Structure formats: structure tokens, C-alpha cells
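Structure first, then comments.
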Amino acid sequence: MNATRRGLNRFILFLVALVLLGLGALALAVGLLPGGTDTWTTVMGGFQGWLESLGRDSAGWGAVAAFVVLAIILIVIASAAVRGRRQAPLQSTGSASDAGRITVTDGFASEALKNALAERDEILSSRISAGEIKNESVLHVAVTPRQNTSPRQVAEHVDTLVTNLAALTGQNLRAYISIHSGLRAKLARDNTRVH
Amino acid sequence: MTDTVLRTVVRRETHSPRTVAMLVVVVLLLLALAYAAVEIILNLTGAQPLLVSPGEALNAVVAAPTALMPVAFIVGGVVLAILGLVVLVLALKPGRLSRHEMEWGERAVVVDNGVVASALAQHLSNESGIARDDIVVGVAHRAVDVTVRPPVGIPVDEAQLRRIVDEEVAAYKLTPAVRTHLRVERPDTKES
């Protein structure tokens, strides 16, 4: 779960695709159309003449400056995409009652869920994290059950645990449960207990 | 599930973010830019070029149609167009991951297709008595394919198998919905 700017990723890919397709079409036009070579020589010669008219130094440094600006934009975009993967800390605040205020710390919620999940034989591994989507925190419970386990059974179990935790902490958690198949599930011995 | 935040989460978790493709493209662009900038700076400071000086490169570009065969342009154009198409597909296709959303009240639940497949196979095996190893289940985006290979001489009630599969798949409440196909494969009994 992350906040990567997906629209931006696709927009950049789209722009690059357009440039590549444009260059491809240009090369095909030069190779196939009669007079293509002449047009190419004229246009490119004109471009070369324009660069030379600027003078060697200004054209050179101008090009370097343009490249640097473009590179900075690209680096900013790439690092934003990677930074989007950061995870928000698990936060939980307590509920106040007559007896006082109970505060449940971050680690407790995740440890409680993890331990409860670890007790189940059909769940091989679990990972609890928190993410922030649209400035709202979402609890992410990722579980890898043993192969051949019903996903409904797993979801029901996790759902109950999350509901119990919410009751305990007095905080309604927005939870996202993902059930994975992985190498670990494939390699582990099948659960062949008779129910 | 009506929560818009969870809707966003499910949408994100079932579709590829295309971050890897974007990073590959950006890194290649950066390398090309860095190389060009280095050649220009070397030329401006009067040092030896790494491969070609910018002026020579520009001359070569201008003279390319006369120096090269038209075939070179056609081949180059086709290669560029294919690369462009690949990137365009990456940009526009939804990039669905092999997962399904499972309808679950107020919680968002996403299941890998592999989990659904193995659970369905196990359920069918339990209900029908056919060995688990004789059942192959494949779960795709909109279809579930079940292949049963019962041992020779064991009769199977296809309609009943179909009913078991349909009921179990319906119980999962997957989104997008899947159609089920069941096939009973008999080994060729006529020895040749």
C-alpha cells in the first residue's frame, strides 16, 4: 500500500512513447518517402546552421543547461515515485473513561494482531503495517495462508481480530486485508487435518 | 464497501503502479542526457572526446541519409516504433494484477488468484471425493477453469461437480465476477 503518483508514472511513459513513435515515424518517412532525404538534409542543416549562428560557447553551455534542467525534473519525478512507498507509522490513541485514560501504543496493536494470527495453524505469515491514503490512515493486514485454505475463512478470522482490536482500543480502524499466495505457501506442508 | 478511501486502496492494490517501467525509462533518459552533457563540456574545455565530439555527431546526423542506405532508416524506424508501442501499451493498459477483490462488509479484502484456485480445488476434492491431485484449477481475471481428471473407471457426476464449484465461487463474492468452466478429462482408455 503506497501513495505513488500512478497518473504521473503513466503520463511520463505516455510522453516517452509519443516521442519514440514520432522518431520512428520520422525515420520511416525519410527511408520510404521520395524526397524524404532532401527534406531531412534541409531541416537538419538549418538546425545546424542555427546552432552555429549562436556561437560555440553559448550553444554548448545552453545545451548543457537545458540538459541539467531536464535531468533535475526527471530526478524529482523519480524520487517522488520512490518516496511514495514510505509507510505511515501505526498510530493509536486511547479512550478516556472514568478510571482514566488508556493509551495503546503503536507497536501494541500490530503485535497483538500478529500474535493472534501466529496462533492459527493455517496462517503461515502475517505482516501488519499502516499506510496513508488521502490523508487517512489505513491498517494493512497481509497474510499468507497455507495452501488450500479457504480465503473466506482467513478473511473472517482477520476481520474478527481487527474488530476485537477496535473494541479494545476504542478506535474504529479502517482495515485492508490482503491474502497472498507465495513461495512459502507452496512449499509448506498442506493442511490435511480432518475437520 | 462504500468507504472511498478503501475503494482507492483496493484499486491501487489490484493494479500495477508502473513504477518500475517509469524508473527504467527515466534512468535511461538520464544516462543519455549525462553522456551528451559530458561530451559537450569536454568539447568546450578543449579536452579529447569520449567517443565523438558534438560537432562531428551533428554533421553525421545531417549527412545520415546520404551516408546510410534507406534500409537503415526503415529498420531504425521500425525498431523505434516497436519500442514506442511497448511503452504506449505500458502507459495505457490497466495493468491488472492477478488478484481479486472479495466483497466483505466494511473491510477491503483482496485475494491472490492462487489462493482462490487452491482453496477451490481443495473444496471440490473434499466435497466430491476426487483426489486433490486430480483437480487442476486456474483462476484468471474473469474466468475460473476447473479440470478434473478422475481415475479410469470411476464415474463422476459432472452436473454435481459443476454445482459444487459454482456454489463455492459464488460464496467468495469476487469482483470482478468470474465465470466458471468445468471440464472432465478422461484418459484415453483405448490402448493403441
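The values are calculated or read from the model by the stated rules, or taken from the named source; none is laboratory data. None of these values were measured; they are calculated from a predicted model. A quick note on method: Cβ atoms are made from the backbone with ideal geometry, for glycine too, and the neighbour counts reach across all protein chains shown.
Does region B:56-111 hold any residues that are in a strand (DSSP E or B) and either hydrophobic (A, V, I, L, M, F, W, C) or in contact with a Lys or Arg (Cβ under 7 Å, 6 or more places away or on another chain) (or both), and which are they? Those that are in a strand (DSSP E or B) and either hydrophobic (A, V, I, L, M, F, W, C) or in contact with a Lys or Arg (Cβ under 7 Å, 6 or more places away or on another chain) (or both): B:Met102, B:Ala108, B:Val109, B:Val110, B:Val111.
Kindly provide the set of residues from region B:63-118 that are in contact with a His (Cβ under 7 Å, 6 or more places away or on another chain) and surrounded by fewer than 13 Cβ atoms within 10 Å (Cβ to Cβ), ordered by number. Scanning region B:63-118 gives B:Pro94, B:Arg96. In the set (1) closer than 20 Å to A:Ala65 by Cβ; (2) of a type outside the set (D, E, K, R); (3) part of a helix (DSSP H, G or I), B:Thr8 fails one condition alone, (1). Considering each residue of region A:45-60, count those that are under 14 Å from B:Pro54 (Cα atoms) and either touching a helix residue (DSSP H, G or I) at 6+ places or on another chain (Cβ under 6 Å) or within 7 Å of another protein chain (Cβ to nearest Cβ) (or both), and give that number. Here the count works out to 5. For region B:139-192, a residue qualifies if it is under 25 Å from the mean Cα position of the chain (by Cα) and in a loop (DSSP other than H, G, I, E, B), and the qualifying residues are B:Ala140, B:His141, B:Arg142, B:Lys173, B:Pro176, B:Ala177, B:Val178. Every listed requirement among (1) modelled with pLDDT of 70 or more; (2) out of contact with any Lys or Arg (no Cβ under 9 Å at 6 or more places or on another chain); (3) in a strand (DSSP E or B) is met by A:Asn115 save one, (3).
When A:Leu74, A:Leu15, A:Leu33, A:Leu70 are checked against the criterion of being more than 7 Å from chain B (Cβ to nearest Cβ) and either of a type in the set (Phe, Trp, Tyr) or under 40 Å from the mean Cα position of the chain (by Cα) (or both), a single residue qualifies: A:Leu15. Report yes if B:Ala47 is part of a helix (DSSP H, G or I) and exposed (fewer than 14 other Cβ atoms within 10 Å of the Cβ), otherwise no. So B:Ala47 fails the test. Of the helices (runs of 4 or more DSSP H) contained entirely in region A:1-85, not one carries at least 1 residues that are surrounded by fewer than 15 Cβ atoms within 10 Å (Cβ to Cβ) and touching a strand residue (DSSP E or B) at 6+ places or on another chain (Cβ under 9 Å).
Looking only at residues in region B:1-58 that are more than 27 Å from B:Leu90 (Cα to Cα) and among the polar types (S, T, N, Q), which one is nearest to the chain's Cα centre (by Cα)? The extreme case among them is B:Thr2. Checked against the criteria, B:Gly153 does not count as within 14 Å of chain A (Cβ to nearest Cβ), without any contact (Cβ under 8 Å) to a residue 24 or more places away in the chain and farther than 23 Å from A:Val158 by Cβ. Looking at the structure I just gave you, is B:Ala21 in contact (Cβ under 8 Å) with a residue 12 or more places away in the chain and part of a helix (DSSP H, G or I)? So B:Ala21 passes the test. The single condition from (1) assigned by TED's automatic domain parsing to the domain that holds B:Val165; (2) under 25 Å from B:Ala21 (Cβ atoms) that B:Ala117 fails is (2). Filtering region A:131-165 to residues that are more than 9 Å from chain B (Cβ to nearest Cβ) and touching a residue at least 60 places away in the same chain (Cβ under 8 Å) leaves only A:Glu132.
Within the span defined as region B:7-14, one or more residues are in contact (Cβ under 8 Å) with a residue 24 or more places away in the chain, in contact with a Gly (Cβ under 8 Å, 6 or more places away or on another chain) and surrounded by 13 or more Cβ atoms within 10 Å (Cβ to Cβ). Within region B:112-134, the set of residues being assigned to a helix (DSSP H, G or I) and among the β-branched types (Val, Ile, Thr) comprises B:Val115, B:Val116.
Rundown of residues vs (1) among the aliphatic types (A, V, I, L, M); (2) more than 7 Å from every other protein chain (Cβ to nearest Cβ), yes/no style:
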{"residue": "B:Thr2", "(1), (2)": "no, yes"}
{"residue": "B:Val9", "(1), (2)": "yes, no"}
{"residue": "B:His15", "(1), (2)": "no, yes"}
{"residue": "B:Val25", "(1), (2)": "yes, no"}
{"residue": "B:Leu28", "(1), (2)": "yes, yes"}
{"residue": "B:Val38", "(1), (2)": "yes, yes"}
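Being more than 10 Å from every other protein chain (Cβ to nearest Cβ) and either over 30 Å from A:Val43 (Cα atoms) or in contact (Cβ under 8 Å) with a residue 24 or more places away in the chain (or both) is a property that B:Arg96 has.
Which of the residues spanning region A:115-150 are buried (at least 16 other Cβ atoms within 10 Å of the Cβ) and among the charged types (D, E, K, R)? Of everything in region A:115-150, those that are buried (at least 16 other Cβ atoms within 10 Å of the Cβ) and among the charged types (D, E, K, R) turn out to be A:Arg120, A:Glu122, A:Glu132, A:Arg146.
Pairing residues of region B:43-72 that are under 13 Å from A:Thr37 (Cβ atoms) with residues that are in a helix (DSSP H, G or I) and polar (S, T, N, Q), at Cβ distances under 6 Å and at least 6 apart in sequence or on separate chains, gives B:Val62/A:Gln48; B:Pro65/A:Thr37.
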